[in-house]
Amino acid sequence: MIKAIIVDDELGARESLSKMLEKNCSAVQIVAKADSMLSAYEAIINLHPDLVFLDIEMPNGNAFDLLEKIKEIDFDIIFTTAYDHYAIKAIKFSAIDYILKPIDPEELVLAVKRYEEKSGQKNMLDKKFKTLLNNLKPENKLKKVGIPDGDGLIFINLADIIRCDSDGNYTFFILTSGKKIVASRTLGEYEQLFADDNFFRIHRSHLINLQHVKKYLKGEGGYVIMSDNSQVEVSRRNKNDFLQKLAQI
């Protein structure tokens with residue numbers, strides 16, 4: 001069984017989620033329900049859950065204040081929030097799951113299934129959530145992103161990514177160290193994730209970090225020379241948008 005705690009300051013939200021889990025996720029055993037940061041902290045420390053369904057906003061502090069209080073996070077979390085919260089992007093970067101309210105039963109089942117599939121990666125939990133808290137600090141410009149590979153997650157600084165290359169359902173990350181990492185996600189997913197971080201998809205197969213562009217070579221679409229001296233093709237259809245984006249940096 002999956003020992004779970006529900007944390008939400010609204011009674012109706014706690015009861016609704018509880019009933020959904022009982023009906024649709026028989027492997028989940030709800031061991032506690034908490035309505036504040038303090039009661040959630042006490043439940044987590046005393047009951048040692050496997051999984052916490054955690055509302056972001058709570059009385060007397062939010063979900064991230066709660067995580068700061070816990071010395072070592074050895075449980076997984078599925079965040080729940082009523083709107084597209086400012087922290088959702090940091091949550092995505094840290095490869096953590098979330099569900100938007102009102103919670104859809106099918107989305108809940110999928111989230112629990114994703115937890116079950118990765119539940120063997122307990123050694124990554126504390127690092128994953130420390131990365132989240134680090135990414136939430138406004139003064140921290142070295143954002144880290146969790147890249148899922150075959151064994152778990154690799155955390156790398158966004159600034160260290162030169163480009164991402166597509167290979168079907170996989171993405172190759174080329175780093176400043178010369179290392180290449182294979183991620184088990186599509187290039188389109190990373191295009192969306194990095195949309196506000198000076199990355200641009202210059203070709204259906206290439207997503208580049210604009211901070212690593214050394215030179216643009218003219219042509220039908222043209223080419224860019226990256227900081228590692230690699231030459232990457234720019235598609236004709238993306239050329240104008242790319243040059244406009246480059247001029248804004």
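Inspect all residues belonging to segment 99-108 and state whether any of them is out of contact with any Phe, Trp or Tyr (no Cβ under 6 Å at 6 or more places or on another chain) and at pLDDT below 90. No, that holds for no residue. Looking across segment 218-249, the residues that are part of a helix (DSSP H, G or I) and among the basic types (Lys, Arg) come down to Arg236, Arg237, Lys239, Lys245.
Taking (1) over 18 Å from Pro105 (Cα atoms); (2) surrounded by 16 or more Cβ atoms within 10 Å (Cβ to Cβ); (3) out of contact with any Pro (no Cβ under 7 Å at 6 or more places or on another chain) in turn, Ile70 satisfies each apart from (2). Taking first residues from segment 8-27 that are of a type in the set (D, E, K, R) and partners that are in a helix (DSSP H, G or I) and surrounded by 12 or more Cβ atoms within 10 Å (Cβ to Cβ), the Cβ contacts under 8 Å between residues at least 6 apart in sequence or on separate chains come to Asp8/Arg14; Asp8/Leu17; Lys23/Pro105.
Does Ser166 satisfy being under 25 Å from Leu246 (Cα atoms), in a loop (DSSP other than H, G, I, E, B) and over 17 Å from the mean Cα position of the chain (by Cα)? First the steps, then the outcome.
Values: under 25 Å from Leu246 (Cα atoms): yes; in a loop (DSSP other than H, G, I, E, B): no; over 17 Å from the mean Cα position of the chain (by Cα): yes.
No, not satisfied.
For segment 1-40, the set of residues classified as crowded, with 17+ Cβ neighbours inside 10 Å and among the charged types (D, E, K, R) consists of Asp8, Asp9, Arg14, Lys33, Asp35, listed by residue number. Looking only at segment 110-133, decide whether some residue is part of a loop (DSSP other than H, G, I, E, B) and charged (D, E, K, R). Checked segment 110-133: no residue is part of a loop (DSSP other than H, G, I, E, B) and charged (D, E, K, R).
Results for (1) under 18 Å from Arg236 (Cβ atoms); (2) acidic (Asp, Glu); (3) within 19 Å of the chain's Cα centre (by Cα); (4) in a helix (DSSP H, G or I), shown as yes or no for each residue.
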site: Ala159; (1), (2), (3), (4): no, no, yes, yes
site: Gly178; (1), (2), (3), (4): no, no, no, no
site: Ile181; (1), (2), (3), (4): no, no, yes, no
site: Arg185; (1), (2), (3), (4): no, no, yes, no
site: Gly188; (1), (2), (3), (4): no, no, yes, yes
site: Gln192; (1), (2), (3), (4): no, no, yes, yes
site: Leu207; (1), (2), (3), (4): yes, no, yes, no
site: Tyr216; (1), (2), (3), (4): yes, no, no, no
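Quick grid of which residues meet (1) assigned by TED's automatic domain parsing to the domain that holds Met20; (2) outside any strand (DSSP E or B); (3) within 18 Å of the chain's Cα centre (by Cα); (4) closer than 16 Å to Ala4 by Cα:
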site: Val31; (1), (2), (3), (4): yes, no, no, yes
site: Ile73; (1), (2), (3), (4): yes, yes, yes, yes
site: Ile78; (1), (2), (3), (4): yes, no, yes, yes
site: Ala90; (1), (2), (3), (4): yes, yes, yes, no
site: Tyr98; (1), (2), (3), (4): yes, no, yes, yes
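Number of residues in segment 200-234 that are free of Cβ contacts under 8 Å to residues at least 12 places away in the same chain and in contact with a helix residue (DSSP H, G or I) (Cβ under 7 Å, 6 or more places away or on another chain): the value is 0.
Hey, any hits in segment 139-155 for a residue that's aromatic (Phe, Trp, Tyr) and not in a helix (DSSP H, G or I)?
Going residue by residue through segment 139-155, those that are aromatic (Phe, Trp, Tyr) are 155.
Next, only the ones that are not in a helix (DSSP H, G or I) stay: 155.
Yes, segment 139-155 contains at least one residue that is aromatic (Phe, Trp, Tyr) and not in a helix (DSSP H, G or I).
The values are calculated or read from the model by the stated rules, or taken from the named source; none is laboratory data. A quick note: this is a predicted structure, and the numbers were derived from the prediction, not measured. Note that we place each Cβ from the backbone using ideal geometry, even for glycine, and neighbour counts take in every protein chain shown.
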